[in-house]
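Each remark here refers to the structure printed beneath this line.
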There are 2 protein chains.
Amino acid sequence: MTQKGMVNGIDVDQLFKTIEQIKENSKIAFFKFRATNQWVSGTHCRGTVKDFYGALENDDTRPAVTYDMDEPPILLGNNDGRNPVEYLLVALSGCLTTALVAHSSAKGIKINGVRSRYEGDLDLRGFLGISEEVPVGYQEIRIFFTIDTEATVEQKKEMIKMAQKYSPVYNTITKSAPVKVQLEKN
Amino acid sequence: MTQKGMVNGIDVDQLFKTIEQIKENSKIAFFKFRATNQWVSGTHCRGTVKDFYGALENDDTRPAVTYDMDEPPILLGNNDGRNPVEYLLVALSGCLTTALVAHSSAKGIKINGVRSRYEGDLDLRGFLGISEEVPVGYQEIRIFFTIDTEATVEQKKEMIKMAQKYSPVYNTITKSAPVKVQLEKN
(Lines give C-alpha, C1' and ligand atoms only; values in the text may rest on other atoms or scores of the structure.)
Protein backbone atom coordinates (compact mmCIF):
# COMPACT_ATOMS: atom_id res chain seq x y z
CA MET A 1 0.00 0.00 0.00
CA THR A 2 1.66 3.18 -1.13
CA GLN A 3 -1.03 5.75 -1.80
CA LYS A 4 0.24 9.22 -2.51
CA GLY A 5 -1.00 12.69 -1.67
CA MET A 6 -4.55 13.54 -0.65
CA VAL A 7 -7.22 10.83 -0.61
CA ASN A 8 -10.72 11.86 0.56
CA GLY A 9 -9.22 15.00 2.10
CA ILE A 10 -6.72 12.94 4.13
CA ASP A 11 -3.02 13.63 3.59
CA VAL A 12 -2.01 10.00 3.21
CA ASP A 13 1.68 10.82 2.71
CA GLN A 14 1.68 12.58 6.08
CA LEU A 15 -0.27 9.70 7.65
CA PHE A 16 2.39 7.16 6.61
CA LYS A 17 5.16 9.57 7.67
CA THR A 18 3.56 9.84 11.12
CA ILE A 19 3.34 6.05 11.38
CA GLU A 20 7.07 5.75 10.59
CA GLN A 21 7.93 8.40 13.19
CA ILE A 22 5.87 6.59 15.84
CA LYS A 23 7.58 3.29 15.01
CA GLU A 24 10.89 5.01 15.80
CA ASN A 25 9.62 6.74 18.96
CA SER A 26 6.37 5.37 20.41
CA LYS A 27 6.06 8.31 22.83
CA ILE A 28 4.91 10.47 19.92
CA ALA A 29 1.69 8.41 19.93
CA PHE A 30 0.84 9.16 23.56
CA PHE A 31 -1.96 11.74 23.83
CA LYS A 32 -3.86 13.21 26.77
CA PHE A 33 -7.25 14.72 25.87
CA ARG A 34 -9.00 17.04 28.29
CA ALA A 35 -12.29 18.73 29.12
CA THR A 36 -13.73 20.78 31.98
CA ASN A 37 -17.32 21.17 33.13
CA GLN A 38 -19.19 23.81 35.06
CA TRP A 39 -22.69 23.28 36.43
CA VAL A 40 -25.14 26.08 35.54
CA SER A 41 -28.44 25.14 37.27
CA GLY A 42 -30.69 22.09 37.55
CA THR A 43 -29.86 19.70 34.70
CA HIS A 44 -28.02 22.40 32.72
CA CYS A 45 -24.22 22.34 32.64
CA ARG A 46 -21.49 23.40 30.25
CA GLY A 47 -18.49 21.46 29.03
CA THR A 48 -15.38 23.14 27.64
CA VAL A 49 -12.60 21.74 25.44
CA LYS A 50 -9.34 23.60 24.89
CA ASP A 51 -5.88 22.08 25.31
CA PHE A 52 -4.44 18.62 24.82
CA TYR A 53 -1.07 16.92 25.07
CA GLY A 54 0.28 14.93 22.13
CA ALA A 55 3.33 14.35 19.93
CA LEU A 56 5.57 15.22 22.91
CA GLU A 57 4.08 18.65 23.61
CA ASN A 58 1.12 20.51 25.03
CA ASP A 59 -1.15 22.25 22.51
CA ASP A 60 -3.16 25.16 23.87
CA THR A 61 -3.34 27.07 20.58
CA ARG A 62 -7.00 26.23 19.96
CA PRO A 63 -9.68 28.58 21.27
CA ALA A 64 -11.92 27.16 24.00
CA VAL A 65 -15.15 25.64 22.67
CA THR A 66 -18.13 25.23 25.01
CA TYR A 67 -20.92 22.67 24.83
CA ASP A 68 -24.19 23.27 26.63
CA MET A 69 -25.92 20.18 27.99
CA ASP A 70 -29.42 19.99 29.38
CA GLU A 71 -32.39 17.63 29.54
CA PRO A 72 -35.78 18.03 27.85
CA PRO A 73 -38.75 19.03 30.11
CA ILE A 74 -39.87 15.37 30.44
CA LEU A 75 -36.50 14.80 32.16
CA LEU A 76 -36.78 17.95 34.31
CA GLY A 77 -34.72 20.28 32.11
CA ASN A 78 -35.34 23.24 29.80
CA ASN A 79 -33.73 22.03 26.55
CA ASP A 80 -30.83 24.46 27.09
CA GLY A 81 -28.64 21.96 25.25
CA ARG A 82 -28.78 18.34 24.16
CA ASN A 83 -28.25 15.78 26.87
CA PRO A 84 -25.06 13.88 27.80
CA VAL A 85 -26.20 10.50 26.46
CA GLU A 86 -26.91 12.19 23.12
CA TYR A 87 -23.39 13.68 23.18
CA LEU A 88 -22.09 10.13 23.67
CA LEU A 89 -23.80 9.08 20.42
CA VAL A 90 -22.34 12.16 18.66
CA ALA A 91 -18.85 11.21 19.90
CA LEU A 92 -19.33 7.65 18.68
CA SER A 93 -20.59 8.87 15.30
CA GLY A 94 -17.59 11.14 14.76
CA CYS A 95 -15.09 8.51 15.79
CA LEU A 96 -16.46 5.69 13.63
CA THR A 97 -16.74 8.05 10.64
CA THR A 98 -13.17 9.33 11.05
CA ALA A 99 -11.78 5.82 11.52
CA LEU A 100 -13.67 4.58 8.45
CA VAL A 101 -12.47 7.45 6.25
CA ALA A 102 -8.86 7.44 7.49
CA HIS A 103 -8.32 3.70 7.10
CA SER A 104 -10.15 3.57 3.74
CA SER A 105 -8.00 6.47 2.52
CA ALA A 106 -4.83 4.65 3.58
CA LYS A 107 -5.98 1.76 1.39
CA GLY A 108 -6.68 4.13 -1.51
CA ILE A 109 -10.48 3.65 -1.49
CA LYS A 110 -12.17 6.81 -2.78
CA ILE A 111 -15.30 7.83 -0.89
CA ASN A 112 -17.98 10.22 -2.15
CA GLY A 113 -20.08 10.31 1.02
CA VAL A 114 -20.67 8.68 4.41
CA ARG A 115 -23.83 8.99 6.45
CA SER A 116 -24.81 7.09 9.57
CA ARG A 117 -27.59 7.00 12.15
CA TYR A 118 -27.48 5.97 15.81
CA GLU A 119 -30.08 4.77 18.29
CA GLY A 120 -29.40 3.77 21.90
CA ASP A 121 -31.74 2.15 24.43
CA LEU A 122 -31.76 3.54 27.94
CA ASP A 123 -34.02 2.40 30.79
CA LEU A 124 -34.22 5.30 33.23
CA ARG A 125 -35.06 2.98 36.13
CA GLY A 126 -31.28 2.64 36.40
CA PHE A 127 -30.54 6.37 36.62
CA LEU A 128 -33.45 6.93 39.01
CA GLY A 129 -32.39 4.13 41.34
CA ILE A 130 -35.76 2.37 40.97
CA SER A 131 -34.27 -1.02 40.12
CA GLU A 132 -30.83 -2.43 40.88
CA GLU A 133 -31.26 -5.02 38.11
CA VAL A 134 -31.62 -2.53 35.28
CA PRO A 135 -28.30 -1.39 33.72
CA VAL A 136 -27.66 2.31 34.35
CA GLY A 137 -25.90 2.78 31.00
CA TYR A 138 -26.99 2.15 27.44
CA GLN A 139 -28.41 -1.37 27.02
CA GLU A 140 -27.69 -1.45 23.29
CA ILE A 141 -26.62 0.99 20.59
CA ARG A 142 -27.55 0.30 16.94
CA ILE A 143 -25.80 1.98 14.01
CA PHE A 144 -26.60 2.04 10.30
CA PHE A 145 -24.10 3.27 7.71
CA THR A 146 -24.67 4.47 4.16
CA ILE A 147 -21.43 4.70 2.20
CA ASP A 148 -21.33 6.27 -1.26
CA THR A 149 -18.34 4.70 -3.00
CA GLU A 150 -17.68 2.48 -5.96
CA ALA A 151 -16.74 -0.40 -3.64
CA THR A 152 -18.86 -3.56 -3.52
CA VAL A 153 -21.22 -4.37 -0.65
CA GLU A 154 -18.59 -6.78 0.71
CA GLN A 155 -15.95 -4.02 0.61
CA LYS A 156 -18.35 -1.62 2.36
CA LYS A 157 -18.82 -4.21 5.10
CA GLU A 158 -15.03 -4.43 5.40
CA MET A 159 -14.84 -0.64 5.72
CA ILE A 160 -17.34 -0.78 8.59
CA LYS A 161 -15.30 -3.53 10.28
CA MET A 162 -12.16 -1.36 9.99
CA ALA A 163 -14.03 1.53 11.58
CA GLN A 164 -15.04 -0.70 14.49
CA LYS A 165 -11.53 -2.10 14.86
CA TYR A 166 -9.78 1.28 14.96
CA SER A 167 -12.26 3.73 16.51
CA PRO A 168 -11.16 4.82 20.02
CA VAL A 169 -14.67 5.82 21.14
CA TYR A 170 -16.21 2.57 19.83
CA ASN A 171 -13.55 0.53 21.64
CA THR A 172 -13.88 2.57 24.84
CA ILE A 173 -17.63 1.82 24.90
CA THR A 174 -17.56 -1.81 23.80
CA LYS A 175 -14.48 -2.88 25.81
CA SER A 176 -14.91 -0.41 28.73
CA ALA A 177 -12.26 1.84 30.26
CA PRO A 178 -11.25 2.55 33.86
CA VAL A 179 -12.50 5.95 35.08
CA LYS A 180 -11.10 7.33 38.35
CA VAL A 181 -13.19 10.02 40.06
CA GLN A 182 -12.04 12.01 43.07
CA LEU A 183 -12.29 15.34 44.85
CA GLU A 184 -9.87 18.02 43.69
CA LYS A 185 -7.15 18.69 46.24
CA ASN A 186 -7.46 22.33 47.22
CA MET B 1 -36.71 11.92 52.19
CA THR B 2 -39.51 14.28 51.27
CA GLN B 3 -37.96 17.41 49.82
CA LYS B 4 -40.45 19.85 48.34
CA GLY B 5 -40.36 22.19 45.37
CA MET B 6 -37.20 23.33 43.62
CA VAL B 7 -33.79 22.29 44.95
CA ASN B 8 -30.72 23.45 42.98
CA GLY B 9 -33.00 24.20 40.01
CA ILE B 10 -34.38 20.64 40.03
CA ASP B 11 -38.15 20.22 40.48
CA VAL B 12 -37.91 17.56 43.16
CA ASP B 13 -41.71 17.20 43.49
CA GLN B 14 -41.88 16.34 39.79
CA LEU B 15 -38.90 14.00 40.15
CA PHE B 16 -40.65 11.97 42.86
CA LYS B 17 -43.93 12.06 40.87
CA THR B 18 -42.10 10.64 37.84
CA ILE B 19 -40.59 7.88 39.98
CA GLU B 20 -44.07 6.91 41.25
CA GLN B 21 -45.46 6.86 37.68
CA ILE B 22 -42.59 4.63 36.51
CA LYS B 23 -43.17 2.24 39.44
CA GLU B 24 -46.75 1.84 38.15
CA ASN B 25 -45.74 1.51 34.47
CA SER B 26 -42.07 0.74 33.82
CA LYS B 27 -42.49 1.40 30.06
CA ILE B 28 -42.47 5.13 30.84
CA ALA B 29 -38.78 4.75 31.71
CA PHE B 30 -37.80 3.29 28.34
CA PHE B 31 -36.00 5.90 26.18
CA LYS B 32 -34.35 5.74 22.75
CA PHE B 33 -31.82 8.50 22.08
CA ARG B 34 -30.66 9.22 18.55
CA ALA B 35 -28.05 11.00 16.46
CA THR B 36 -27.05 11.13 12.81
CA ASN B 37 -23.69 11.89 11.23
CA GLN B 38 -22.58 13.20 7.86
CA TRP B 39 -18.98 13.12 6.70
CA VAL B 40 -17.73 16.49 5.34
CA SER B 41 -14.12 15.85 4.21
CA GLY B 42 -10.96 14.28 5.60
CA THR B 43 -11.28 14.08 9.40
CA HIS B 44 -14.16 16.62 9.45
CA CYS B 45 -17.69 15.34 10.03
CA ARG B 46 -20.89 16.68 11.52
CA GLY B 47 -23.19 15.05 14.08
CA THR B 48 -26.83 16.06 14.46
CA VAL B 49 -29.22 15.51 17.39
CA LYS B 50 -32.95 16.06 17.05
CA ASP B 51 -35.64 13.58 18.09
CA PHE B 52 -35.89 10.97 20.82
CA TYR B 53 -38.43 8.47 22.11
CA GLY B 54 -39.40 8.45 25.78
CA ALA B 55 -42.32 8.39 28.20
CA LEU B 56 -44.32 6.39 25.64
CA GLU B 57 -44.01 8.86 22.76
CA ASN B 58 -41.69 10.28 20.15
CA ASP B 59 -40.45 13.85 20.72
CA ASP B 60 -39.41 15.73 17.60
CA THR B 61 -40.28 19.19 18.90
CA ARG B 62 -36.65 20.21 19.47
CA PRO B 63 -34.77 21.96 16.66
CA ALA B 64 -31.86 20.00 15.18
CA VAL B 65 -28.51 20.85 16.76
CA THR B 66 -25.30 20.10 14.85
CA TYR B 67 -21.85 19.34 16.25
CA ASP B 68 -18.77 19.73 14.09
CA MET B 69 -15.96 17.30 14.75
CA ASP B 70 -12.44 17.46 13.36
CA GLU B 71 -8.86 16.70 14.35
CA PRO B 72 -6.02 19.18 14.98
CA PRO B 73 -3.33 19.46 12.25
CA ILE B 74 -1.01 17.06 14.15
CA LEU B 75 -3.75 14.46 13.60
CA LEU B 76 -4.27 15.42 9.94
CA GLY B 77 -7.25 17.75 10.44
CA ASN B 78 -7.95 21.48 10.28
CA ASN B 79 -9.46 22.11 13.74
CA ASP B 80 -12.93 22.53 12.17
CA GLY B 81 -14.35 21.17 15.42
CA ARG B 82 -13.13 19.35 18.50
CA ASN B 83 -12.43 15.67 18.07
CA PRO B 84 -14.65 12.68 18.93
CA VAL B 85 -12.63 11.51 21.95
CA GLU B 86 -12.94 15.04 23.37
CA TYR B 87 -16.72 14.87 22.83
CA LEU B 88 -16.68 11.63 24.84
CA LEU B 89 -15.14 13.49 27.77
CA VAL B 90 -17.75 16.26 27.40
CA ALA B 91 -20.54 13.66 27.46
CA LEU B 92 -19.04 12.06 30.56
CA SER B 93 -18.69 15.45 32.26
CA GLY B 94 -22.32 16.39 31.65
CA CYS B 95 -23.65 13.05 32.79
CA LEU B 96 -21.69 12.87 36.05
CA THR B 97 -22.58 16.50 36.85
CA THR B 98 -26.30 15.95 36.18
CA ALA B 99 -26.36 12.71 38.16
CA LEU B 100 -24.55 14.39 41.07
CA VAL B 101 -26.91 17.39 41.13
CA ALA B 102 -30.13 15.40 40.63
CA HIS B 103 -29.42 12.82 43.33
CA SER B 104 -28.08 15.43 45.77
CA SER B 105 -31.20 17.52 45.17
CA ALA B 106 -33.45 14.52 45.88
CA LYS B 107 -31.66 14.23 49.23
CA GLY B 108 -32.15 17.94 49.90
CA ILE B 109 -28.45 18.86 49.70
CA LYS B 110 -28.10 22.45 48.52
CA ILE B 111 -25.27 23.04 46.04
CA ASN B 112 -23.71 26.40 45.19
CA GLY B 113 -21.40 25.21 42.45
CA VAL B 114 -19.89 22.15 40.77
CA ARG B 115 -16.80 22.15 38.60
CA SER B 116 -14.86 19.20 37.27
CA ARG B 117 -11.92 18.45 34.98
CA TYR B 118 -11.21 15.41 32.83
CA GLU B 119 -8.10 13.88 31.34
CA GLY B 120 -7.96 10.71 29.26
CA ASP B 121 -4.91 8.75 28.04
CA LEU B 122 -4.93 7.56 24.46
CA ASP B 123 -2.09 5.73 22.70
CA LEU B 124 -2.57 6.31 18.98
CA ARG B 125 -0.65 3.17 18.09
CA GLY B 126 -4.03 1.48 18.56
CA PHE B 127 -5.94 3.72 16.16
CA LEU B 128 -3.13 3.60 13.60
CA GLY B 129 -2.89 -0.18 13.69
CA ILE B 130 0.81 -0.06 14.64
CA SER B 131 0.44 -2.41 17.60
CA GLU B 132 -2.19 -5.04 18.32
CA GLU B 133 -1.26 -5.00 22.03
CA VAL B 134 -2.11 -1.35 22.62
CA PRO B 135 -5.79 -0.70 23.52
CA VAL B 136 -7.54 1.31 20.80
CA GLY B 137 -9.76 3.13 23.29
CA TYR B 138 -8.96 5.28 26.31
CA GLN B 139 -6.51 3.55 28.64
CA GLU B 140 -7.62 5.56 31.67
CA ILE B 141 -9.76 8.62 32.36
CA ARG B 142 -9.12 10.72 35.49
CA ILE B 143 -11.67 13.14 36.91
CA PHE B 144 -11.39 15.78 39.65
CA PHE B 145 -14.48 17.42 41.19
CA THR B 146 -14.77 20.68 43.09
CA ILE B 147 -18.12 20.96 44.87
CA ASP B 148 -19.16 24.20 46.56
CA THR B 149 -21.64 23.16 49.26
CA GLU B 150 -21.87 23.22 53.03
CA ALA B 151 -21.51 19.44 53.14
CA THR B 152 -18.45 17.84 54.76
CA VAL B 153 -15.63 16.27 52.74
CA GLU B 154 -17.11 12.84 53.53
CA GLN B 155 -20.49 13.97 52.21
CA LYS B 156 -18.87 15.38 49.08
CA LYS B 157 -17.21 12.00 48.52
CA GLU B 158 -20.64 10.37 48.89
CA MET B 159 -22.04 12.79 46.30
CA ILE B 160 -19.31 11.75 43.86
CA LYS B 161 -20.11 8.07 44.53
CA MET B 162 -23.78 8.73 43.79
CA ALA B 163 -22.81 10.41 40.52
CA GLN B 164 -20.76 7.35 39.55
CA LYS B 165 -23.52 4.95 40.56
CA TYR B 166 -26.28 6.68 38.59
CA SER B 167 -24.60 8.29 35.56
CA PRO B 168 -25.57 6.49 32.31
CA VAL B 169 -22.48 7.66 30.39
CA TYR B 170 -20.11 6.71 33.24
CA ASN B 171 -21.67 3.26 33.44
CA THR B 172 -21.67 2.81 29.65
CA ILE B 173 -17.92 3.49 29.63
CA THR B 174 -16.88 1.59 32.75
CA LYS B 175 -19.16 -1.44 32.24
CA SER B 176 -19.23 -1.38 28.39
CA ALA B 177 -22.27 -1.64 26.16
CA PRO B 178 -23.01 -3.72 23.04
CA VAL B 179 -22.85 -1.67 19.82
CA LYS B 180 -24.21 -3.20 16.60
CA VAL B 181 -22.95 -1.67 13.36
CA GLN B 182 -24.33 -2.54 9.92
CA LEU B 183 -24.98 -1.22 6.44
CA GLU B 184 -28.29 0.59 5.97
CA LYS B 185 -30.75 -1.47 3.90
CA ASN B 186 -31.53 0.58 0.83
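May I ask you to say which residue of A:88, A:100 is within 22 Å of residue B:86 (Cα to Cα), in contact with a helix residue (DSSP H, G or I) (Cβ under 8 Å, 6 or more places away or on another chain), more than 7 Å from chain B (Cβ to nearest Cβ) and touching a residue at least 40 places away in the same chain (Cβ under 8 Å)?
Details: A:88 fails: more than 7 Å from chain B (Cβ to nearest Cβ).
Step by step, each of A:88, A:100 is checked, and only A:100 is within 22 Å of residue B:86 (Cα to Cα), in contact with a helix residue (DSSP H, G or I) (Cβ under 8 Å, 6 or more places away or on another chain), more than 7 Å from chain B (Cβ to nearest Cβ) and touching a residue at least 40 places away in the same chain (Cβ under 8 Å).
Just wondering, is there one or more residues in region A:141-159 that are within 18 Å of residue B:93 (Cβ to Cβ) and within 7 Å of chain B (Cβ to nearest Cβ)? Step through it out loud before you land on a result.
Step one: filter region A:141-159 for residues within 18 Å of residue B:93 (Cβ to Cβ), giving none.
The answer is no, given that none of the residues of region A:141-159 is within 18 Å of residue B:93 (Cβ to Cβ) and within 7 Å of chain B (Cβ to nearest Cβ).
Please work out if residue B:76 is at pLDDT 95 or above, open to solvent by less than 20 Å² (accessible area, probe 1.4 Å) and within 7 Å of chain A (Cβ to nearest Cβ). Spell out the reasoning first.
Details: at pLDDT 95 or above: yes; open to solvent by less than 20 Å² (accessible area, probe 1.4 Å): no; within 7 Å of chain A (Cβ to nearest Cβ): yes.
Criteria not met by residue B:76.
Within region B:160-180, work out how many residues are buried (at least 22 other Cβ atoms within 10 Å of the Cβ), facing chain A (nearest Cβ under 7 Å) and among the aliphatic types (A, V, I, L, M).
The total comes to 3.
Going through region B:80-120 one residue at a time, which ones are closer than 30 Å to residue B:39 by Cα and open to solvent by 20 Å² or more (accessible area, probe 1.4 Å)? Write out each step before concluding.
The first filter runs over region B:80-120 and keeps only residues closer than 30 Å to residue B:39 by Cα, leaving B:80-96, B:117-120.
B:80, B:117, B:119 - these are the residues of region B:80-120 that are closer than 30 Å to residue B:39 by Cα and open to solvent by 20 Å² or more (accessible area, probe 1.4 Å).
Out of curiosity, is residue B:151 among the small types (Gly, Ala, Ser) and in contact (Cβ under 8 Å) with a residue 12 or more places away in the chain? Full working, then the answer.
Values: among the small types (Gly, Ala, Ser): yes; in contact (Cβ under 8 Å) with a residue 12 or more places away in the chain: yes.
Here the answer is yes, as residue B:151 does meet what is asked.
Condition first: over 25 Å from residue B:145 (Cβ atoms), surrounded by 16 or more Cβ atoms within 10 Å (Cβ to Cβ) and in contact (Cβ under 8 Å) with a residue 40 or more places away in the chain. Can you find one or more residues in region A:122-140 that meet it?
no
Go through the residues of region B:60-76 one by one and say whether even a single one is touching a Lys or Arg at 6+ places or on another chain (Cβ under 9 Å) and β-branched (Val, Ile, Thr).
Yes: one or more hits.
Name every residue in region A:7-39 that is out of contact with any Asp or Glu (no Cβ under 8 Å at 6 or more places or on another chain), surrounded by fewer than 18 Cβ atoms within 10 Å (Cβ to Cβ) and under 30 Å from residue B:100 (Cα atoms), in order of residue number.
The one that is out of contact with any Asp or Glu (no Cβ under 8 Å at 6 or more places or on another chain), surrounded by fewer than 18 Cβ atoms within 10 Å (Cβ to Cβ) and under 30 Å from residue B:100 (Cα atoms): A:38.
Condition first: in contact with a helix residue (DSSP H, G or I) (Cβ under 7 Å, 6 or more places away or on another chain) and either among the hydrophobic types (A, V, I, L, M, F, W, C) or under 30 Å from residue A:105 (Cα atoms) (or both). Now tell me which residues in region B:21-33 satisfy that.
Step one: filter region B:21-33 for residues in contact with a helix residue (DSSP H, G or I) (Cβ under 7 Å, 6 or more places away or on another chain), giving B:21-22, B:28-29, B:33.
Hits for region B:21-33 are B:22, B:28, B:29, B:33.
The values are calculated or read from the model by the stated rules, or taken from the named source; none is laboratory data. Note that the structure is a prediction, hence the values are computed from the model and not measured. Every residue, glycine as well, gets a Cβ built from its backbone with ideal geometry; the counts of neighbours run over all protein chains shown. We work out accessible area using only protein heavy atoms, side chains counted, and drop any ligands, DNA or RNA first. Shrake-Rupley method; radii C 1.70, N 1.55, O 1.52, S 1.80 Å.
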